[in-house]
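Let me begin by presenting the structure, written as structure tokens, before commenting on it.
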Amino acid sequence: MSEAAKSRRQNLVRMEAPVDETGNHSEETRSWRPTFLEALAQRSSVAEAAAIAEISEGAVYRLRRNDASFARDWRAAVLEGYEHLELETLHRLRMGTGKDDPKFDIANALRLIAVHKETLTQEQSGKGERDEEAIIASLDAKLARIRAREENVTRMLHEEGVSAPRLSSADD
């Protein structure tokens, strides 16, 4: 076996999810989970998320099959990814795109959101019987994220010397 092949094999073995003597996933396995789940939510790509977390795709899929908690966290990350897509689409529709902006296919984004909207709604409502305080806290957190994103965009526009767009005509 060549040195390159040995190196690839060692990397693959290192990237597999370790299991302790009882068959449970070791602490090392748990340490890459937050990185993987965050990257999955941000990038919506299992391959990229696995690479960022330095774990093999096979290991994450295997863990998802065998660990209900990880499967639940995975679904939550995918839902968050759709929220990111919705916000990005809304932002692009409201603000437009510049010639130097990364390519963004709004029509396909809207189609994808529409196709998965029912699943997303079911998943979100399936979180179930949350009390009113939890719902309000969730909405407050979402509004805070939206406000933070708006402030960031406004700051970036200001730094570029562009005045912020008027979003409403309430002053008229």
Q.
I'm trying to understand the selection: among the residues of region 83-106, which are exposed (fewer than 12 other Cβ atoms within 10 Å of the Cβ) and either among the hydroxyl-bearing types (S, T, Y) or under 23 Å from A141 (Cα atoms) (or both)?
A. R94
Q) Only one of (1) assigned to a loop (DSSP other than H, G, I, E, B); (2) of a type in the set (A, V, I, L, M); (3) at pLDDT 85 or above fails for I146. Which number is that? A) (1)
Q. Out of L79, L40, which single residue is aliphatic (A, V, I, L, M), within 14 Å of the chain's Cα centre (by Cα), at pLDDT 90 or above and closer than 26 Å to K142 by Cα?
A. L40
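The values are calculated or read from the model by the stated rules, or taken from the named source; none is laboratory data. What you are looking at is a predicted structure, and each value in this text was computed from that prediction instead of being measured. Ideal geometry is used to build each Cβ from the backbone, glycine not excepted, and the neighbour counts take in all protein chains shown.
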